[in-house]
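Here is the structure we will look at, set down as structure tokens.
The values are calculated or read from the model by the stated rules, or taken from the named source; none is laboratory data. Here the structure is a predicted model, which is why all the values come from computation and not from measurement. Neighbour counts run over all protein chains shown; Cβ positions are idealised from the backbone, glycine included.
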């Protein structure tokens, strides 16, 4: 469709269109939309193709009629068209079939139950998948969530988070054992830098064959990664040494070990870009194509029956960003920060209000509680809290001194008074009680190493700050640790003039439906503009007008 027709108007706006097109439209001219609201409705008639036609020197859109290559009587010249694209057609169909979802979208895990059972259930009932945020929770709390979710979603879809705990390996093992015991068929593996025995055990113990001898995978893994070297470990089969160890310990069979050498460790790789929590602050536009290329390279080597899917997370909080991820090749998308701001999350009203006020620049990196000694940082909200600055100060003290006793008395008293609000000796008593139930080896190590003892005392504050934010601990508001990415500010900008500006109106399913509906809308719009069609400025944005639930 070459050439330009000039001077045509739609609601007073200039449009350009391809001239001399060999395509024509046949249908009832009453179905052609010219007014802006009607044009928008045509673009949102997702299940039908939308056609751009010229009628009486006006350009309009219609989803009715048919296309012809013959200029018959009554046929109108076509300037372009966009194919049907709906929220439930975006992404890779194998994601839908593997997890039993209606959409190629899931709500990522957020620690301490922020991705709550209520959120997982709401998403599951609407055809989305949600991942319960089990990190930081004791086994009894996770088990209670499993029972709640399984009762509400006996057939799924849902996932539970399995987080790597290099400083507390027993905690990871308990989580994997719990999931195997209760038949959790999908885990979202996060914060891994290498494969671990519990993770491989979970994967391999779910492998088998059917009556015809075909491979059956019962335990699915979605690995959340941001580095190529880590992604490679999940894209390839499990390491022989781990499989041999599990066979020797009679935890898996010889058959399961053989099958594990034929499949990747993960079914899906979620490429985590600039997100809340653990993040390398990578740009999605660079990271996603890199991971897709790596996947294709490894697929060519192993020729898996079903290639590992690559999803996108981190920065996905508007229709435009969701569409960008799909167009770049993402098989599915994952949201996080925006879900924390929804009423179903485990966050308090106070936290959700802070999130609703956040701008893109209102985030900062600060030391992580679970990998404090390694210097790992997480991305947090800095608006309305002093936690990031206080946490960074504790890490500086940790790197400078070898024990609590080496810290100058004035500094120590300042931390006890302003930050911990308790004597370090009393805090140590709490730490001993906590790890005696959770992982006694931590206490044994700390008794031998004064620096490790200092780390555990500092982690008391870092760990509880997340819990205080979840339960709304009074008097600790300035110590709240709120994981958040810059996408929260982008979401707030997008919804500022809509009903979703109110934190109380943000529901996780409604947000998800608007993100996908907006992505489908913008996809069709971009198809038209790339054919030379110029639309009124009022059509350029998709804004949530009414609730979709």
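See the values below:
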{"quantity": "Verdict on residue 529 being buried (at least 19 other Cβ atoms within 10 Å of the Cβ) and outside the structural domain of residue 337 (by TED's automatic domain parsing)", "calculated": "no"}
{"quantity": "Where residue 50 falls short, out of the listed (1) touching a strand residue (DSSP E or B) at 6+ places or on another chain (Cβ under 7 Å); (2) at pLDDT 95 or above; (3) surrounded by fewer than 22 Cβ atoms within 10 Å (Cβ to Cβ)", "calculated": "(3)"}
{"quantity": "Any hit, region 115-127, residues being loosely packed, with under 15 Cβ neighbours inside 10 Å and at pLDDT below 95", "calculated": "no"}
{"quantity": "Helices (runs of 4 or more DSSP H) contained entirely in region 436-495, each with at least 3 residues that are outside the structural domain of residue 136 (by TED's automatic domain parsing) and within 30 Å of residue 317 (Cβ to Cβ)", "calculated": "450-471, 487-495"}
{"quantity": "Every residue from region 336-366 that is under 20 Å from residue 121 (Cα atoms) and touching a strand residue (DSSP E or B) at 6+ places or on another chain (Cβ under 6 Å)", "calculated": "339"}
{"quantity": "Which numbered condition residue 25 misses (of (1) assigned to a strand (DSSP E or B); (2) at pLDDT 90 or above; (3) within 39 Å of the chain's Cα centre (by Cα))", "calculated": "(3)"}
{"quantity": "Where residue 138 falls short, out of the listed (1) farther than 22 Å from residue 541 by Cβ; (2) touching a residue at least 60 places away in the same chain (Cβ under 8 Å); (3) not assigned by TED's automatic domain parsing to the domain that holds residue 340", "calculated": "(3)"}
{"quantity": "Residue in region 323-338 that is assigned to a loop (DSSP other than H, G, I, E, B), at pLDDT 95 or above, within 15 Å of the chain's Cα centre (by Cα) and buried (at least 19 other Cβ atoms within 10 Å of the Cβ) present", "calculated": "yes"}
{"quantity": "Selection status of residue 351, within 22 Å of the chain's Cα centre (by Cα), touching a residue at least 12 places away in the same chain (Cβ under 8 Å) and surrounded by fewer than 23 Cβ atoms within 10 Å (Cβ to Cβ)", "calculated": "no"}
{"quantity": "Subset of region 268-287 that is in a helix (DSSP H, G or I) and within 27 Å of residue 375 (Cβ to Cβ) - its residue that is nearest to the chain's Cα centre (by Cα)", "calculated": "284"}
{"quantity": "Matching residues, region 107-129, being in contact with a strand residue (DSSP E or B) (Cβ under 7 Å, 6 or more places away or on another chain) and either under 20 Å from residue 521 (Cα atoms) or free of Cβ contacts under 8 Å to residues at least 60 places away in the same chain (or both)", "calculated": "117, 120, 124, 128, 129"}
{"quantity": "Residue 238 in a loop (DSSP other than H, G, I, E, B), at pLDDT 95 or above, in the same structural domain as residue 160 (by TED's automatic domain parsing) and surrounded by 15 or more Cβ atoms within 10 Å (Cβ to Cβ)", "calculated": "yes"}
{"quantity": "Positions within region 306-320 being buried (at least 21 other Cβ atoms within 10 Å of the Cβ) and either touching a helix residue (DSSP H, G or I) at 6+ places or on another chain (Cβ under 7 Å) or part of a loop (DSSP other than H, G, I, E, B) (or both), in sequence order", "calculated": "308, 309, 310, 312, 314, 315, 316, 317, 318, 319"}
{"quantity": "Options 416, 373, 396: the member that is exposed (fewer than 15 other Cβ atoms within 10 Å of the Cβ) and either over 30 Å from residue 493 (Cα atoms) or not assigned by TED's automatic domain parsing to the domain that holds residue 341 (or both)", "calculated": "396"}
{"quantity": "Count of region 176-191 residues which are in contact with a helix residue (DSSP H, G or I) (Cβ under 7 Å, 6 or more places away or on another chain) and either surrounded by fewer than 23 Cβ atoms within 10 Å (Cβ to Cβ) or not in a loop (DSSP other than H, G, I, E, B) (or both)", "calculated": "8"}
{"quantity": "Residue that is nearest to residue 281 (Cα to Cα), among those in region 202-227 that are out of contact with any helix residue (DSSP H, G or I) (no Cβ under 6 Å at 6 or more places or on another chain) and buried (at least 23 other Cβ atoms within 10 Å of the Cβ)", "calculated": "224"}
{"quantity": "Residue 48 vs. criteria assigned by TED's automatic domain parsing to the domain that holds residue 322 and closer than 26 Å to residue 515 by Cα", "calculated": "no"}
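This table checks each residue for (1) surrounded by 18 or more Cβ atoms within 10 Å (Cβ to Cβ); (2) more than 21 Å from the chain's Cα centre (by Cα).
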{"site": "157", "(1), (2)": "yes, no"}
{"site": "229", "(1), (2)": "no, no"}
{"site": "252", "(1), (2)": "yes, yes"}
{"site": "266", "(1), (2)": "yes, no"}
